[in-house]
1. Counting just the residues of segment 202-216 that are among the charged types (D, E, K, R) and assigned to a strand (DSSP E or B), which one comes out farthest from LEU112 (Cα to Cα)?
2. Taking the conditions exactly as written (within 30 Å of ALA72 (Cα to Cα), assigned to a helix (DSSP H, G or I) and modelled with pLDDT of 80 or more), does GLU106 satisfy them or not?
3. Considering only segment 154-172, I want to know if a residue exists there that is within 19 Å of ARG54 (Cβ to Cβ), surrounded by 14 or more Cβ atoms within 10 Å (Cβ to Cβ) and at pLDDT 70 or above.
4. Checking ARG99 against (1) crowded, with 17+ Cβ neighbours inside 10 Å; (2) in contact with a Phe, Trp or Tyr (Cβ under 8 Å, 6 or more places away or on another chain); (3) modelled with pLDDT of 95 or more, only one condition comes out false. Which one?
5. Looking for whichever is part of a loop (DSSP other than H, G, I, E, B) and either within 30 Å of SER89 (Cα to Cα) or at pLDDT below 90 (or both) here; the options are GLY199, GLY228. Which one fits?
6. Say we look at segment 231-262 and pick out the residues that are surrounded by 12 or more Cβ atoms within 10 Å (Cβ to Cβ), hydrophobic (A, V, I, L, M, F, W, C) and within 20 Å of ASP59 (Cα to Cα); which of these is modelled with the lowest pLDDT?
7. Looking at SER51, SER89, SER30, SER44, can you tell me which residue is small (Gly, Ala, Ser), outside any strand (DSSP E or B) and modelled with pLDDT of 90 or more?
Amino acid sequence: MRAVAIGILAVLCGGCAAPAYDLVSRDPESPWLVGQRHVRTESSRSTVTASYDRTFLGDLIFEVEVVNQSGAPLVVDPRQFSFTLASSSNDVPRSLRRRFNAENPEKVRARLDRAASGQVGFGEAALGFVGFVGAVIVVAAAVSAGVLAETPSTDECESTSIVSVQQAASTQQNLIAEHRRSCQHALTGLLQRTELAPGESARGEIWFPAWPLRRVVGSGATTETGSGITATPPRAPSDHALTLRTPEALGGQEIDYSISAW
């Protein structure tokens, strides 16, 4: 049973664990607001305050506030925000040397609606798999511990296994419920296309696809090993960067971030 548990843990860690990211502003001229990680940039048209918040449902989520500093109405369209990627080793694949626009808020809303209403999707499927694997691991550990300790009777092992499975199932349901609550909360925070009068502001979340970031960070993390003549020398780790770009209608401000992954 211990071997089974170790094998399942290996599958779980290798196949399901998604990298987490942190983005830290590189621009010393863009002050951080006290107590938070918001970076403020200004132009003659608008003041934009942005903060990288989290990764969720396969997207990078920024919280953005726009203040109209011009003397005319200003349209804020989340779809016109974008980002680009770079690295100190110049190892960004050619296909990723371009701008990636933010997700359409209506499409994001549809995804969140499905998840919040309990429709089975990738998120819940993944949580269900984690719950199943967790149950198996708990049972395997309990049985293994019992064998190593006092070799209890079959009835005692079965009783321990049933309780462990029930606890894992309860944990799984709690995770799914929390996932739905997160989706419901995100629904209220999306930034929509808005027209601002002079002096007015709008605030909300903008979602970007995370897959380009995963590809770039992953491509710089691999190295070759071996001492043969044809072996590729190990490369120094790249210093990866992401540049958040505001729409030209807002002034085209840019915020540079360093990327950390773990």
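1. Of everything passing the filter in segment 202-216, ARG203 is farthest from LEU112 (Cα to Cα).
2. Spelling it out, GLU106 is indeed within 30 Å of ALA72 (Cα to Cα), assigned to a helix (DSSP H, G or I) and modelled with pLDDT of 80 or more.
3. Among the residues of segment 154-172, not one is within 19 Å of ARG54 (Cβ to Cβ), surrounded by 14 or more Cβ atoms within 10 Å (Cβ to Cβ) and at pLDDT 70 or above, which makes the answer no.
4. Unmet condition: (1).
5. GLY228
6. Once the filter is applied, the top-ranked residue is ALA261.
7. SER44
The values are calculated or read from the model by the stated rules, or taken from the named source; none is laboratory data. Not measured: the values here are computed from a predicted model. Backbone-built Cβ (ideal geometry, glycine too); neighbour counts: all protein chains shown.
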